[in-house]
Amino acid sequence: MNSLNPDNTKTIRLLASNPCDLDQASDFLRRGGIVAMPTETVYGLAAHGFSAEAIARVFRAKDRPLNNPLILHTNSAERAFEFFDFSNNELAQKRFFKLADAFWPGPLTVIAKKTRHVPALATGNLPSVAVRIPDNRATNAVMANLDFPLVMPSANLSTRPSPTTAEHVLNTLNGRIDAVIDDGVCIVGIESTVIHIEPEEVKILRPGIITSHQLESCLQEPVRYANGHAEQPLSPGQSFLHYSPKVSSVACFNVESIVPWSEDTIILARACDYAQLAKKQGARKSAAVTILLSDDPSEFAKELYDALYRCELRPEKNLAIIVPREQGELWRAILDRLLRTKR
Ligand code: TXA
Ligand code: MG
């Protein structure tokens, strides 16, 4: 790594509560460094959003394909507005300000046509750009010190689960990035809802905790999910293997599946699903270990990636995920992640 920190084999751990540490993070970022930063959703890997060299370092550190575009993060709607080209599209501009007012800072990423000064490398050469204002005191304090936006993909090696603690970040990126700002556990736990403002309508490209109902009541118009069609995924990141823990095999089942669990299997399930499973087929006896997650979707979302990283520390080779069968948009967002953990 072409590191900015004096001991270039290690990533420096900075503390979110220490103003001097936040100044050091700002300094790294001004000099083209890459720093993992907390957000309310997951930790992001930040770099100077208008420096092609710094952006290239992010792609390299994560082993991320260059055609998978990044989200620009900033700390005000006025700054965010400057990255978009709403000329000849007054309706799109109105939608943008309504959404910004209602949901920022918060777990919503907005995509629309970009202006020419947004670097092509950040957007995978697409004509659009993704922008978000995160809701984290330390990260927003760092951004307030900078006169440029930050690109911030999730701070994990490509294909691995997103990090919700500084330890998770170091699991895959230690020695590959300059620093991580430790702010404990992320309160949401899964990535932001990603929406695309198109001239005719607003579509959800990635489900998250902000739901279509919330978006519809803000915009007073229908908002639908883009995937589930035969059409090409609109968000390149949606088509790759994702969220996958480093164990030999991952398989998804529903609670009705009758499967002879081997002793080499970790079962990951909601507490209520596991109880049903154990009653039916005595799963408790055969599986080597069980990791139980909350029955409540917000809590489940918050616990999920930590559970996946915990599996990596276990000696068992196989992971069996019992996928919750629930209606509701938050479960839909969770399922979107669970079904792409498979190896
Ligand atoms: O919560 C989050 O959004 C986190 C935190 C750190 O802010 N960030 C995050 O970034 O999840 P990343 O890079 O891991 O996921 C961004 C997603 C990818 O699926 C990418 O393909 C999509 O957004 N994306 C970015 N720009 C796009 C664009 N112009 N058009 C379509 N999809 C885009
Ligand atoms: Mg990611």
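The values are calculated or read from the model by the stated rules, or taken from the named source; none is laboratory data. Please read all numbers here as calculations on a predicted model, not as lab measurements. Methodologically, a virtual Cβ is constructed for each residue, glycine included, from the backbone with ideal geometry; neighbour enumeration extends over all protein chains shown. The protein model used for the area step is the full one, side chains on, heavy atoms only, and it has no ligands, DNA or RNA in it. Shrake-Rupley method; radii C 1.70, N 1.55, O 1.52, S 1.80 Å.
Restricting N75, N67 to residues that are modelled with pLDDT under 95, part of a loop (DSSP other than H, G, I, E, B) and either open to solvent by 70 Å² or more (accessible area, probe 1.4 Å) or closer than 30 Å to K10 by Cβ (or both) narrows the list to N67. The C-beta contact set for the stretch 11-30 (first residue assigned to a loop (DSSP other than H, G, I, E, B) and at pLDDT 95 or above, second residue surrounded by fewer than 20 Cβ atoms within 10 Å (Cβ to Cβ) and polar (S, T, N, Q), distance under 7 angstrom, 6+ apart or interchain) comprises T11/N174. Against the test of being surrounded by 24 or more Cβ atoms within 10 Å (Cβ to Cβ) and either within 13 Å of ligand 1 (Cβ to nearest atom) or part of a helix (DSSP H, G or I) (or both), the options A56, A36 yield a single qualifying residue, A36. Screening the stretch 92-143 for residues that are in a loop (DSSP other than H, G, I, E, B) and within 16 Å of ligand 2 (Cβ to nearest atom) and picking the one that is farthest from V185 (Cα to Cα) gives G124. In the stretch 201-224, the residues that are within 22 Å of I334 (Cβ to Cβ) form Cβ pairs under 6 Å with partners that are among the polar types (S, T, N, Q) and within 13 Å of ligand 1 (Cβ to nearest atom), at six or more places apart or across chains, as follows: L205/S235; R206/S235; G208/S192; G208/T193; I210/T193.
Selection of the stretch 144-157 for residues being under 20 Å from G189 (Cβ atoms), within 11 Å of ligand 1 (Cβ to nearest atom) and either open to solvent by less than 20 Å² (accessible area, probe 1.4 Å) or in a loop (DSSP other than H, G, I, E, B) (or both) yields M152, P153, A155, N156.
Find all pairs meeting these conditions: Cβ atoms under 7 angstrom apart; at least six residues apart or on different chains; first residue within the stretch 158-169 and under 15 Å from L338 (Cβ atoms); second residue among the charged types (D, E, K, R) and within 10 Å of ligand 2 (Cβ to nearest atom). Listed by first residue and then by second, the contacts come to S162/E191.
Kindly indicate whether P127 is near ligand 1 (Cβ under 9 Å from one of its atoms), over 30 Å from S244 (Cβ atoms) and open to solvent by 10 Å² or more (accessible area, probe 1.4 Å). Here the answer is yes, as P127 does meet what is asked.
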